[in-house]
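Report on the structure given below.
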Protein chains: 4
Amino acid sequence: MGFSTEQVVEVFKKGFPESRAFIESVEPMKATMRLPANTKHLRPGATVSGPAMMTLTDAVMWVAIIGEKGEKGFNSVTSNLSINFLSRPKHGDLIAKAEILKLGRRLAVGEVRLYSADDPEPVAFSTVTYVIPSD
Amino acid sequence: MGFSTEQVVEVFKKGFPESRAFIESVEPMKATMRLPANTKHLRPGATVSGPAMMTLTDAVMWVAIIGEKGEKGFNSVTSNLSINFLSRPKHGDLIAKAEILKLGRRLAVGEVRLYSADDPEPVAFSTVTYVIPSD
Amino acid sequence: MGFSTEQVVEVFKKGFPESRAFIESVEPMKATMRLPANTKHLRPGATVSGPAMMTLTDAVMWVAIIGEKGEKGFNSVTSNLSINFLSRPKHGDLIAKAEILKLGRRLAVGEVRLYSADDPEPVAFSTVTYVIPSD
Amino acid sequence: MGFSTEQVVEVFKKGFPESRAFIESVEPMKATMRLPANTKHLRPGATVSGPAMMTLTDAVMWVAIIGEKGEKGFNSVTSNLSINFLSRPKHGDLIAKAEILKLGRRLAVGEVRLYSADDPEPVAFSTVTYVIPSD
């Protein structure tokens, strides 16, 4: 059953209290997050790093699972993550969109697309599989 | 530039003259193919095999590339194929839908979803990367 | 527990009676298969196709699982297969080597490397995940 | 041509001055890194996070490329990273071993295995592809 964006945000803050990224929306089998542009600590010319994009990809899929499972999904762990970096992100915010393609009792498989804000072409595209622990 | 479905079908028949699968449509950055149910040689209860699904996945991405590159894409070769089998296909036709997410001069990256006919839930979901040879 | 090469060959022949590929050896958590060069039906210059390499990859991982699980592994199904084509295979036989990296009661994850015979550099390299059905 | 471990460490420190992980060895087409156990900021029971393991995987492949290309590899960027989490890491150091399977002028494809120190079974296993920029 679906959970509201507000409920999911509560769970997310519990799991990731220090995350700069935040949840923009949660819909059935989907979630969108935004990672604001990091204006500090960045060398001239630098944009979001590969690891930051992988972390965001991992997180937004977890959020989509929480949106379907609520607290039961809290201890879900990543089983596989396969990311394809398509192009260099622009300066600015990064948007992450997750879509769960298959949700079982114990497994969730989905895809995640990352976008530079205001750009319709994805900068990265991933498949993520999560294992959902039994109650 | 895009090529018409008819033009792509011509190229496909040249490359895969014995294929049971056929092209249903070609649109900008997309292609759809159908593999008719195989009524011969199948043991009772058997549906489309994993290798047949991988082959169809590989083919429909190639077709989408031909749709964009025409004959120049003929000698494109698969660089990576990553398939996730989500559920057992039903008896009947198999539909394959490819979407190119990034098309460069030398590289194409896209996703392919396979469906049992008349079923909106994908039975498999893949990422495919092709290398397009220089002229 | 491990099963002998002869026992695994018996099971393989039951599952794949028409396969041109054959098992060369089965060791703990490993299997090696050979696909003889196909001298018929091949256009001049053609070598093993991508789909044939994917099929062999899928098969050799299944064989490695049979080597560990015996008949209990017969109905194992591929969950994910991710293949990287590294270079064009040479004419001649194709060797496939599977190594199971993690074997649980219900899941097997491993890697497969494909080689042109007598060439130490792999032509393809894959990760394969199988789901092993409960008894 | 290969570069010595000391030379690679110099380049690594330039690229990742704040990394807690360090290079243990660099050999032809291979590299090993160690991420010391993080005794601070960790909640009771917590071990290395998925994102930390992905970051380490990405880094050790880059280090292996530097080992082969020297400074020419500095601006290499990750094209694909596919990680399979096999089991929960233990408390303690994490070891990362990269092996380049194919190294071209512009592309490197390899695998990375992560281990809990003193444990022969990998906790994660990845395929990583890097694009090496032209001079």
Practice task
Return a yes/no flag: does segment C:16-23 have any residue that is under 11 Å from the mean Cα position of the chain (by Cα) and in a strand (DSSP E or B).
Solution key: yes
Completion exercise
Within segment A:102-135, the residues that are in contact (Cβ under 8 Å) with a residue 24 or more places away in the chain and among the acidic types (Asp, Glu) are A:Asp118, A:Asp119, A:Glu121, A:Asp135
Exercise for the section: For residues that are on the phi > 0 side of the Ramachandran plot and loosely packed, with under 12 Cβ neighbours inside 10 Å, scanning just segment C:18-46, find the one that is modelled with the lowest pLDDT. Expected result: C:His41
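Considering each residue of segment D:47-56, count those that are more than 7 Å from chain A (Cβ to nearest Cβ) and at pLDDT below 95, and give that number.
The qualifying residues number 4.
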Completion exercise
Here, strands (runs of 3 or more DSSP E) confined to segment A:57-135 with at least 1 residues that are away from every other protein chain (no Cβ under 11 Å) are A:94-103, A:107-116
Exercise for the section: Identify the residue in segment B:55-83 that is touching a residue at least 60 places away in the same chain (Cβ under 8 Å) and in contact with an Asp or Glu (Cβ under 8 Å, 6 or more places away or on another chain) and, among all such residues, is farthest from B:Ala37 (Cα to Cα). Expected result: B:Lys72
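Restricting to segment B:96-118, count the residues that are surrounded by fewer than 23 Cβ atoms within 10 Å (Cβ to Cβ) and of a type outside the set (Phe, Trp, Tyr).
Of the residues in that region, 15 qualify.
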Practice task
Examine segment C:88-100 for a residue that is at pLDDT 95 or above, in contact with a Leu (Cβ under 7 Å, 6 or more places away or on another chain) and closer than 20 Å to B:Met61 by Cβ, and state whether such a residue exists.
Solution key: no
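The values are calculated or read from the model by the stated rules, or taken from the named source; none is laboratory data. Since the structure is predicted, the reported quantities are computational estimates derived from the model, not experimental observations. Positions of Cβ are generated from backbone atoms using ideal geometry, with glycine treated the same way; all protein chains shown enter the neighbour counts.
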